[in-house]
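Asks: First the structure, then my questions, so here it is.
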Amino acid sequence: MGTIPETMLAWTKMRPEEDGFELIEHPIPSPEAKEVLVKTLSTSICGTDLHIWKWDDWAKSEVPLGTITGHETCGYVVAVGSSVNSHKVGDFISVECHLADWDCPRCEEGNAHICENGSIFGVHSNGAFAPYFTILASSARHNPPGLEPRHASMQDPLGNAIHTLTGGPVKDSTIAIHGLGPIGLFAVDVALQMGASKIIAIDWDNQYRMDIARNLGADLVLGKDDDVQAAIFEATGGKGVDNSCEFSGSSAALANAIKTTRMGGYLNILGVYGSEPKVPINDIVFRYLHVKGINGRRMWATWDTMQELMVEGELKIHDVLTHRFPPNAFKTAIRLMLSGECGKVVLDFN
Ligand SMILES: NC(=O)c1ccc[n+]([C@@H]2O[C@H](COP(=O)([O-])OP(=O)(O)OC[C@H]3O[C@@H](n4cnc5c(N)ncnc54)[C@H](O)[C@@H]3O)[C@@H](O)[C@H]2O)c1
Ligand SMILES: [Zn+2]
Ligand SMILES: [Zn+2]
């Protein structure tokens with residue numbers, strides 16, 4: 001593992017404005033009793049990082065200035081806190097960014113991803129756009145042998161996709177994926193692997209991502225030039241799909257999803273909406289839909305499913321993961337994400 005230096009350069013949100021990031025020298029953090037110190041292998045850029053870059057109202061209310069951001073990450077344990085016996089130096093881990101206390105009623109009922117005292121690594125506290133980070137050992141998930149290290153940081157958004165899809169039936173079922181950002185694209189890939197009978201992938205106007213969905217194997221790809229609702233009914237014998245997943249954060253897409261889920265079908269919503277969406281609520285009632293909000297990943301059921309698929313399945317992660325950059329190209333990478341001409345974008349620290 002080599003010797004651990006005393007300081008590091010880390011991308012830090014310093015100024016309350018768009019961009020506002022600087023490469024700042026920080027001491028290498030020491031792990032607290034229940035933490036591990038990790039040498040970063042790679043950190044992916046998430047839509048959340050774009051909110052922090054733009055410094056919108058959400059970012060202003062959640063992210064303390066001076067925070068090292070970045071939460072989709074993996075790396076090698078290089079030191080362990082005094083009470084950690086679950087991890088040892090050399091372990092290869094990925095971060096579950098929803099930090100939980102494992103002690104509240106939500107954690108006790110198996111919903112640690114919505115812990116009542118939870119916080120988000122790399123948003124509320126220092127994260128991993130940095131060569132080293134500390135993390136609670138309980139949030140440092142061991143990666144199984146056989147998992148491609150260059151894909152290990154991707155498990156946060158891939159897990160979002162799996163958690164959303166599995167809110168309804170997937171095998172032998174018709175699925176609509178609304179929104180083909182990185183998470184929607186991962187969902188297309190996973191639905192195929194899990195044996196969906198038909199996958200309809202819908203974006204607005206991002207041709208780059210619609211092409212990726214086609215290459216992944218979506219049966220039908222729709223965009224703003226199509227009558228999305230009519231096309232979904234036509235493709236499903238007039239019934240609508242068994243399982244609609246909303247990954248766009250657009251209220252128009254949410255309305256399409258509600259209108260085109262079959263009677264008694266499943267609608268799983270991961271998208272986050274800028275303003276209160278106006279939706280056809282009576283369709284939810286009369287179509288007898290099972291509607292579910294999805295947050296984060298189940299600990300650890302989603303991770304178990306995901307790692308089995310990653311090691312034993314034939315996911316085409318490399319098709320969704322379109323760009324890799326060195327850490328000093330952080331700003332170039334963010335600007336590429338803002339352009340939308342990409343799938344998942346990753347910074348390689350080692
Ligand atoms: N709930 C959670 O835990 C959680 C976690 C991560 C991300 N999210 C949210 O999930 C969503 C997906 O994240 P991402 O990073 O993949 O998204 P993204 O913003 O990169 O992609 C969204 C895509 O939706 C497309 N789109 C826009 N309008 C559309 C419409 N009317 N119909 C269909 N597609 C449309 C856009 O062209 C874009 O390609 C976002 O809303 C994000 O905020 C939620
Ligand atoms: Zn993320
Ligand atoms: Zn809790």
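Asks: With a Förster radius of 22 Å, plug the Cβ-Cβ distance of Glu18 and Ser275 into 1/(1 + (r/R0)^6) and report the FRET value to the nearest 0.05.
Replies: After rounding, the FRET efficiency stands at 0.60.
Asks: Angle, helix 207-216 long axis vs. longest principal axis of the chain, Cα atoms, 0 to 90°, nearest 10?
Replies: Approximately 90 degrees, to the nearest ten.
Asks: Could you name the lysines whose alpha carbon sits less than 23 Å from that of Lys316, not counting residues in the same chain fewer than 8 places away?
Replies: Hits, sequence-local ones excluded: Lys171, Lys198, Lys344.
Asks: On to the next question. Just for the chain, what percent of DSSP beta bridges are antiparallel, to the closest 5?
Replies: Within the chain, antiparallel bridges account for around 55 percent of the total.
Asks: Something else: Taking the stretch 280-350, which trypsin sites (Lys or Arg not before Pro) meet the DSSP loop condition and have no more than 16 other C-beta atoms within 10 Å?
Replies: none
Asks: Describe numerically, in nm with one decimal, the distance between label points set 7 Å from Cα along Cα→Cβ at Ser119 and at Glu234.
Replies: In this crude spin-label approximation the distance works out to 5.3 nm.
Asks: Next question. Karplus couplings for the stretch 2-14 from phi (6.51 cos²θ - 1.76 cosθ + 1.60, θ = phi - 60°), rounded to Hz, Gly and Pro as x?
Replies: x, 7, 8, x, 8, 10, 8, 9, 9, 6, 10, 6, 9
Asks: While we're looking at this one, here's another question. Give me the base-10 log of I(q)/I(0) for the chain at each q in 0.11, 0.15 Å⁻¹, Debye formula, one uniform scatterer per Cα, rounded to two decimals.
Replies: -0.72, -1.30
Asks: What FRET efficiency comes out for Asn282 versus Lys224 if R0 is 30 angstrom and r is the Cβ-Cβ distance? Round to the nearest 0.05.
Replies: Computed FRET efficiency for Asn282 and Lys224 comes out at 0.70.
Asks: Using Cα pairs closer than 8 Å and at least 6 residues apart in sequence, work out the relative contact order for the chain, in percent. All intermediate terms of the calculation are to be shown ahead of the outcome.
Replies: On the way: 796 pairs, mean separation 56.8, N = 350.
Dividing the mean separation by the residue count of the chain yields 16 percent.
Asks: Do any of Lys54/Lys292; Lys54/Lys278; Lys239/Lys259 go past 21 Å between their Cα atoms, and which? Intermediate results must be reported in sequence, preceding the final value.
Replies: Working: Lys54/Lys292 29 Å; Lys54/Lys278 25 Å; Lys239/Lys259 10 Å.
Beyond 21 Å: Lys54/Lys292; Lys54/Lys278.
Asks: Please compute the Kirkwood hydrodynamic radius over the stretch 266-350, one decimal place, Å, based on all pairs of different Cα atoms.
Replies: Computed over Cα pairs of the stretch 266-350, the Kirkwood hydrodynamic radius comes out at 16.7 Å.
Asks: Loop by DSSP (not H, G, I, E, B), at most 15 other beta-carbon atoms within 10 Å: where is the longest site-free stretch of the chain for GluC sites (Glu not before Pro)? Working shown, then result.
Replies: Working: sites that count: Glu6, Glu17, Glu18, Glu32, Glu109, Glu116, Glu314, Glu341.
That gives 117-313 as the longest site-free run.
Asks: Under the rule of at least 5 residues apart or a separate chain, name every residue whose amide H is placed under 5 Å from the amide H of Tyr132.
Replies: Close amide H contacts, sequence-distant or interchain: Thr40.
Asks: When the helices in the chain are scored as -39500 (n - 2.57) per DSSP H run of 4 or longer and the sum is shared across all residues, what 222 nm value do you end up with, to the nearest 500 deg cm²/dmol? Numbers along the way, then the final one.
Replies: On the way: 12 runs with 100 residues, N = 350.
Rounded to the nearest 500, the figure is -8000 deg cm²/dmol.
Asks: To continue, here is another question. At what distance in nm do the modelled label points of Leu9 and Ser30 sit from each other, each positioned 7 Å from its Cα along Cα→Cβ?
Replies: 2.7
Asks: So which lysines can Lys60 reach, going by Cα to Cα under 20 Å and dropping same-chain residues fewer than 8 places off?
Replies: By straight Cα distance, Lys60 reaches Lys13, Lys331.
Just so you know, all these numbers are worked out from the coordinates, no wet-lab data involved. Quick caveat: nothing in here was measured; it's all calculated off a predicted structure. Cβ atoms come from the backbone with ideal geometry, glycine included; neighbour counts cover every protein chain shown.
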